[in-house]
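Undergrad: My questions all concern the structure below.
The values are calculated or read from the model by the stated rules, or taken from the named source; none is laboratory data. These figures come from a predicted structure and were not determined experimentally. When we count neighbours, we look across all protein chains shown, and the Cβ atoms used for this are built from the backbone with ideal geometry, even at glycine. Ligands, DNA and RNA are excluded from the accessible area calculation, which covers all protein heavy atoms including side chains. Shrake-Rupley method; radii C 1.70, N 1.55, O 1.52, S 1.80 Å.
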Amino acid sequence: MLVLGAGPAGLVLGNILVDRGIDCVILERAERAHVQTRARAGFLAANTVRILERHGLAEGLHRHGQTHSTCEFRTEDGRFRLDYSGLGQGERHTVYPQQDLVTDLLTRFLERGGQIRFGTEAVTVRGADSERPEVAVREADERPGLWRARYVAGCDGRHGAARRSLPAGTVRHHRDHGVTWLGLLAEAPPSLDAVGYAVHAQGFAGHMARTSEITRYYLQWERGIPADAWSEEQIWHELELRMRATEYGPLRRGPLVQRAVVDLESDVLEPLRHGALFLVGDAAGLISPSAAKGANLAVLEAAILAPALVDDLTTGNSAGLDSYSARCLTHIWRAQEFSHWMIGLLHGPSGTDGESGFHNSLRRSRLTSLRTSRSHQDWFAEHYVGV
Ligand code: APR
């Protein structure tokens, strides 16, 4: 079995396979240090934690992660909080930086006897419609190579080789949400004990704790403007303005150690299986970060694919592989629907379409409903923390 990419998708898949005695090699383009330090997401849904527990992969997140169950909305009509552990299914998030989870998964995979080839970039997957597909690779020293296996799992993200190798006719449903965020990592303790969503005439601002020393912030950003266009002082000033710090308390400032411009986009590929090639995680579909679903979907898909591969490779029962694509797409579209709804909740219209007044009033009404209607809050909680 060949797995392309050592992100959450590839590493969860690899761990389950190796644990069940399947011979599995992960080909990873980056070097190990890079994979283990790349700061990305950090909110794990309750179901993600259950999957990781079931496969013996949750020790680190239980030891060092923090459970979290409150979000706060700050709007022109005041602020309100939702404690979602008392709503919907009563579930919580675990906040655990993705690079720490990836480090745990990697360590466990190697302990279980899995093999990873770092610095090995998959270039293309060939012969997916055969019993022996091959993956052409480029090693760190530019040497070409070739790997063969019974199955290939494309867990190599949005720009990976799996996506480039799909047959003509693969459908890609794509949406550009027309909104851009500046994602920031601040070396500063969290400023509030909740995820903060600020809806402001100047645009959205977000606050998400990562650890007691690191906090993620987001600023809605003008498309095309580079990440370094503003000074740190300008950024903190804008965050404080949109988060209404004068009313609700100051932000705890610190050096901004990472900045990235993110155009909010989504896509879903259909189907997720092409013969012997399976798409998992970001390779299968991109989801906007508005509801922090990306890593959770990646883990869920890997956990659906792994037992299906084990069944096929050990007993010849291919039913699980046959239904993989349809099962995952049901979850993916539900997550897409909720993320899309969140974008509408948090942002004004993206262009001067002449309907901004209408759009803003809808958004305000959506927030009022969320503030006042218990059944709406239950619906929100179920989708917000679930995958
Ligand atoms: N060959 C080998 N490895 C590759 C290649 C390639 N051609 N292209 C990319 N990779 C590696 C990347 O270096 C990375 O380690 O594949 C891995 C993909 O990992 P992620 O991008 O984290 O994707 P995934 O595992 O699907 O996790 C999905 O986590 O943080 C979220 O936003 C993130 O939604 C995403 C989610």
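Undergrad: Find the centroid of the Cα atoms in region 289-353 and in region 1-52, then give the distance between the two in whole Å.
TA: Between the Cα centres of region 289-353 and region 1-52 lies a distance of 16 Å.
Undergrad: Over region 201-331, what number does the Rg to Rh ratio reach, with both radii from the alpha-carbon atoms and Rh per Kirkwood? Mind showing how you got there, number by number?
TA: Details: Rg = 20.7 Å, Rh = 18.0 Å.
With Rg and the Kirkwood Rh in hand, the quotient comes to 1.15.
Undergrad: Let me ask another. Any idea what the relative contact order of the chain is, in percent, if you count C-alpha pairs under 8 Å spaced at least 6 apart? Walk me through the intermediate numbers first.
TA: Details: 790 pairs, mean separation 78.2, N = 387.
Contact order relative to length: 20 percent.
Undergrad: I would also like to ask the following. Using the Kirkwood radius over Cα pairs, work out the Stokes-Einstein diffusion coefficient for region 145-211 at 25 °C and 0.890 mPa s, in µm²/s as a whole number. Could the numbers behind the result be given before it?
TA: Details: Rh = 17.0 Å.
Using the Kirkwood radius from Cα pairs, D works out to 145 µm²/s.
Undergrad: Turning to a different aspect of this structure: Can you tell me the 0 to 90 degree angle between the C-alpha axis of helix 319-346 and the longest principal axis of the chain, rounded to 10?
TA: With rounding to tens, the tilt is 20 degrees.
Undergrad: Using +1 at the Cβ of each Lys and Arg and -1 at the Cβ of each Asp and Glu in region 8-61, identify which of ALA46, ALA33, GLY56 lies farthest towards the dipole's positive end.
TA: ALA46
Undergrad: As an exercise, find the ratio Rg/Rh for the chain from alpha-carbon atoms, using the Kirkwood inverse-distance average for Rh. Display every interim value, and only then the final one.
TA: Details: Rg = 21.3 Å, Rh = 21.8 Å.
The Rg/Rh ratio comes out at 0.98.
Undergrad: Return, for the Cα atoms of region 235-282, the radius of gyration and Dmax in Å, separated by a comma.
TA: Considering region 235-282 through its Cα atoms, Rg and Dmax are 20.1, 58 Å.
Undergrad: While we're on this one: Angle, helix 294-315 long axis vs. longest principal axis of the chain, Cα atoms, 0 to 90°, nearest 10?
TA: 20
Undergrad: Measure out, as a whole number of angstrom, how far apart the alpha-carbon centroids of region 78-100 and region 106-179 sit.
TA: Their Cα centres are 34 Å away from one another.
Undergrad: Pairing the Cα long axis of helix 8-19 with the longest principal axis of the chain, what angle in degrees results, from 0 to 90 and rounded to the nearest 10?
TA: Helix 8-19 sits at roughly 40 degrees to that axis.
Undergrad: Something else now. Over the Cα atoms of region 207-261, what is the Rg over Rh ratio if Rh follows Kirkwood? Mind dumping the intermediate values first?
TA: Working: Rg = 11.6 Å, Rh = 12.2 Å.
Value, to two decimals: 0.95.
Undergrad: Kindly sort TRP379, TRP341, TRP147 by accessible area of their heavy atoms, largest first, with the probe set to 1.4 Å. Can you show the working numbers first?
TA: On the way: TRP379 80, TRP341 30, TRP147 55 Å².
Greatest to least solvent exposure: TRP379, TRP147, TRP341.
Undergrad: Once Lys and Arg get +1 and Asp and Glu get -1 on their Cβ, which of TYR218, VAL135, ALA149 lies farthest toward the positive end of the dipole of the chain?
TA: So the residue we want is ALA149.
Undergrad: What would the Debye formula give as log10 I(q)/I(0) at q = 0.12, 0.13, 0.18 Å⁻¹ for the alpha-carbon point model of region 306-387, no solvent?
TA: For region 306-387 at q = 0.12, 0.13, 0.18 Å⁻¹, log10 I(q)/I(0) is -0.56, -0.61, -0.83.
Undergrad: Per residue, what accessible area does the chain have, given a 1.4 Å probe and all protein chains present, in Å²?
TA: On the way: 16460 Å² over 387 residues.
Per-residue value: 43 Å².
Undergrad: How much accessible surface area, in Å² rounded to 10, belongs to the heavy atoms of ARG112 with a 1.4 Å probe?
TA: Accessible area, nearest 10 Å²: 50 Å².
Undergrad: Separate question: HN-Hα J couplings of region 153-161 from phi, Karplus 6.51/-1.76/1.60, θ = phi - 60°, integer Hz, Gly and Pro as x?
TA: Values per residue, Gly and Pro as x: 9, x, 10, 9, x, 6, 10, x, 6 Hz.
Undergrad: I'd like the projected area of region 125-280, averaged over all directions, using the convex hull of its alpha carbons. Report it in nm² with one decimal.
TA: Working: hull surface 51.0 nm².
Its Cα hull, projected and averaged over all orientations, spans 12.7 nm².
Undergrad: In whole percent, how big is the carbon plus sulfur part of the accessible area of region 245-301, probe 1.4 Å, protein atoms only?
TA: On the way: 970 of 1850 Å².
Carbon with sulfur: 53 percent of the solvent-accessible area.
Undergrad: At 1.4 Å probe size, with the rest of the protein present, what percent of the exposed accessible area of region 44-105 is carbon and sulfur atoms? Intermediate values should be presented prior to the final figure.
TA: Working: 990 of 2580 Å².
The C+S portion of the solvent-accessible surface of region 44-105 is 38 percent.
Undergrad: Any chance you could look up the accessible area of PHE358 with a 1.4 Å probe, heavy atoms only, rounded to 10 Å²?
TA: PHE358 has an accessible surface of roughly 140 Å² with all protein chains in place.
Undergrad: Further question on the same structure: With only alpha-carbon atoms in the gyration tensor, what are the semi-axes of the equivalent ellipsoid for region 102-199, in Å, largest first?
TA: Square roots of five times the eigenvalues give 35, 23, 14 Å.
Undergrad: From zero up to wherever the largest Cα-Cα distance of region 21-81 sits, split into 5 Å bins and tell me the percent of pairs in each.
TA: That works out to 4, 11, 13, 16, 18, 16, 8, 6, 4, 3, 1, 0, in percent per bin.
Undergrad: Separate question: Can you list the residues of region 114-131 with backbone N under 16 Å from a point 7 Å past the Cα of ALA140, pointing along Cα to Cβ?
TA: 116-122
Undergrad: Name the longest site-free stretch of the chain, where the excluded sites are GluC sites (Glu not before Pro) in a DSSP loop with no more than 15 other beta-carbon atoms within 10 Å. Spell out each step's value before the answer.
TA: Numbers: sites that count: GLU31, GLU76, GLU131, GLU142, GLU187, GLU213, GLU222, GLU355.
My reading of the result: 223-354 is the longest stretch.
Undergrad: I would also like to ask the following. Calculate, axis by axis, the spread of Cα positions in region 1-115 along the three principal axes, and write the results as whole Å, longest axis first.
TA: Extents along the principal axes, in whole Å: 56, 27, 23.
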